[in-house]
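Structure first, commentary second.
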Amino acid sequence: MKFQYGETTMKEWNYRRFIISFFLSAMILFAALTAGCKGNTEKEAAKRPEVAGVATTAVSLSTVDDVYEATGTVRSDNTSTVASRAMGVVTSLLVREGDTVKAGQVLLVIDDRDAASRVRAANMAVESAKQNKSLAESTWRRYKNMFDEKALSRQEMEQIETQKKVAEAEYERTVAMAQEAKTYLSFTRITAPVPGRVTQKHIDAGSMVSPGVPLLVIEGGGGSYIEASVDAGLGDKVKTGLVVEAVVETLNEPITGTIREVFPSVDPLSRTFMIKVGLKDARPRSGLFARVRIPVGKREAILVPNQAIVRKGQLTGVYVVDSQGTVIYRLIRTGNTFVRGTEILSGLTVNDRIIISGTERVTDGDILMGGKTK
């Protein structure tokens with residue numbers, strides 16, 4: 001029987017030498033590749049041109065208002081709802097939503113055949129009553145002379161006077177009815193009560209309208225306000241005259257407003273009360289959704305100028321300059337937008353250096369001329 005111990009030991013040693021040699025070779029190759037990549041990166045950075053013409057600033061903390069955000073709707077200060085005072089079918093609609101109108105301009109016409117017929121009948125009644133009144137006056141004068149000559153009794157004279165008064169009253173009544181018929185006829189031509197712009201239209205040509213039913217809404221010139229609901233628990237902090245910020249959809253920047261009215265009653269279902277915020281420097285279209293930011297305290301936050309924020313598709317970030325002067329596009333998460341800038345919730349820390357002007361001149365990885373810090 002042969003003893004195999006020495007042969008087995010040699011095989012294991014050869015295997016270990018192979019493994020060690022393999023790992024040493026792999027490490028040498030990795031080091032060579034890393035050095036080559038580093039060298040290429042340094043060469044590329046050295047070849048990249050330096051960018052000038054941008055402004056930077058160091059990030060710092062700012063004191064901002066701790067705000068409560070109320071939602072509401074933009075309203076116009078001068079809104080007129082146009083309704084009909086006559087019943088009938090709309091034969092002509094002369095305006096559309098968005099049209100600008102003058103005071104007294106005809107907006108729509110209602111079928112006036114029935115109203116015109118009433119006017120004609122009323123005029124005929126006036127003419128008949130006028131003739132009867134004239135006859136009664138002539139009869140009264142004739143009988144008055146007879147009464148003065150003692151040829152007529154007082155009772156007969158009183159009867160003539162009564163007939164004269166009845167004829168006069170009938171004439172006045174028919175004149176009033178004629179005037180009423182003419183007024184009703186004028187109701188078939190609905191005109192603009194104020195100059196402005198047609199913002200809502202609730203009818204079309206051929207529609208049946210009734211008295212008191214809104215047909216059109218016209219917004220006149222003047223200011224705008226936001227009608228918003230506020231949590232009842234903030235009743236002691238919301239006062240008239242308080243200056244607030246408002247963000248209206250379609251507007252890029254916040255606008256300044258002042259609370260001009262606080263409703264005293266609280267909605268028992270939503271536990272909120274209404275406020276009106278007058279807008280100073282802007283007149284957004286009524287009906288737009290708005291957010292009102294009401295200051296309820298103070299806190300510290302990182303604010304950056306709005307122009308420093310760069311949006312790339314769905315990404316939001318800023319250009320940060322590191323200690324070597326390299327421009328890096330850093331993603332951020334934003335919070336409230338103030339007149340002074342936008343709040344940064346994450347992505348930046350105090351003393352980070354960011355580009356606030358000339359962001360269109362740089363890209364990620366550029367070298368900022370004179371941007372290296374010592």
- prompt: Which ³J(HN,Hα) values, rounded to whole Hz and listed in residue order, are derived for the stretch 71-80 from phi using the Karplus coefficients 6.51, -1.76 and 1.60 in 6.51 cos²θ - 1.76 cosθ + 1.60 with θ = phi - 60°, glycine and proline given as x?
  reply: 9, x, 9, 6, 10, 9, 5, 10, 10, 10
task: Using only Cα atoms, find the angle between the long axis of helix 154-186 and the longest principal axis of the chain, and express it within 0 to 90 degrees, rounded to the nearest 10.
output: 20 degrees
query: Just in the stretch 286-374: which GluC sites (Glu not before Pro) are loop by DSSP and have at most 12 other Cβ atoms within 10 Å?
result: none
- request: Can you tell me how much longer the chain between R311 and T240 gets when fully stretched, taken as 0.36 nm per residue apart minus their C-alpha distance, in nm with one decimal?
  value: 21.8 nm
- request: Could you pull out every residue, at least 5 positions away or on a different chain, whose amide H is within less than 5 Å of the one on L345? Hs are placed 1.01 Å off N in the peptide plane, and Pro or chain starts have none.
  value: R333, T334, G335
field: Per-pair calculated FRET efficiency, R0 = 30 Å: E172 and M146 via Cβ, rounded to 0.05
entry: 0.65
query: Taking the Cα atoms only, what angle lies between the long axis of helix 113-148 and the longest principal axis of the chain, rounded to 10 degrees?
result: 30 degrees
- request: Compute the whole-percent fraction of alpha carbon pairs in the stretch 248-340 spaced more than 18 Å apart.
  value: 64 percent
query: What percent do you get for the relative contact order of the chain when only Cα pairs under 8 Å and 6+ apart count?
result: 25 percent
query: Full extension from T250 to S270: what is 0.36 nm times the residue separation minus their Cα-Cα distance, to one decimal in nm?
result: 4.4 nm
message: Can you report the principal axis dimensions of the stretch 190-293 using only the alpha carbons, biggest first, rounded to whole angstrom?
response: 52, 34, 22
Residue-averaged 222 nm ellipticity for the chain, from DSSP H runs of 4+ at -39500 (n - 2.57), nearest 500: -11000 deg cm²/dmol
- request: Work out from phi, with θ = phi - 60° and the Karplus expression 6.51 cos²θ - 1.76 cosθ + 1.60, the ³J(HN,Hα) of each residue of the stretch 207-214, listed in order in whole Hz, and give x for Gly and Pro.
  value: 6, 8, 10, 10, x, x, 7, x
- prompt: Taking H as built 1.01 Å from N, whose amide H comes closer than 5 Å to the amide H of V194, not counting residues under 5 places away?
  reply: G104
message: How are the alpha carbon pair distances in the stretch 112-187 distributed across 10 Å bins from zero to the largest one, expressed in percent?
response: 21, 33, 22, 15, 8, 2
query: By how many degrees, 0 to 90 and rounded to 10, does the Cα axis of helix 5-47 deviate from the longest principal axis of the chain?
result: 50 degrees
Label point distance in nm, T81-H202, each placed 7 Å from Cα along Cα→Cβ: 0.6 nm
- prompt: Using the per-residue mean of other Cβ atoms lying within 10 Å as a proxy for protection, in what order, highest first, do the peptides 129-136, 140-147 fall?
  reply: 129-136, 140-147
- prompt: Are there GluC sites (Glu not before Pro) in the stretch 103-161 that DSSP puts in a loop and that have at most 10 other Cβ atoms within 10 Å, and which ones?
  reply: E149
task: Apply the Karplus parameterisation 6.51 cos²θ - 1.76 cosθ + 1.60, with θ equal to phi minus 60°, to every residue of the stretch 87-99 and state each ³J(HN,Hα) to the nearest whole Hz, in sequence, with x for glycine and proline.
output: 9, x, 9, 6, 8, 8, 10, 9, 9, 10, 4, x, 5
- request: Scan (i) 41, 32, 16; (ii) 50, 23, 16; (iii) 93, 25, 22 for the value of semi-axes √(5λ) of the Cα gyration tensor in Å calculated from this model and give just the label.
  value: (iii)
field: Whole-angstrom gap from the stretch 295-311 to the stretch 80-112, using each part's C-alpha centre
entry: 49 Å
- request: Search the structure for amide H atoms under 5 Å from the amide H of R75, placed 1.01 Å from N in the peptide plane, and list their residues when 5 or more places away or on another chain.
  value: Y225, I226, E227, G287
field: Local electrostatic count, G347, Cβ distance below 13 Å [Lys/Arg +1, Asp/Glu -1]
entry: 0
message: I need the trypsin sites (Lys or Arg not before Pro) found in the stretch 303-358, filtered to DSSP loop residues with at most 15 other beta carbons within 10 Å of theirs.
response: R340
statement: Between L331 and V296, Cβ-based FRET efficiency (R0 30 Å, step 0.05) works out to 0.50
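Since every read-out is calculated from the coordinates, none of them should be taken as a lab result. Just so we're clear, the structure is a prediction, and the values are computed from it rather than from any experiment. Don't worry about glycine lacking a Cβ; one is built from the backbone with ideal geometry, like all the others, and counts go over all protein chains shown.
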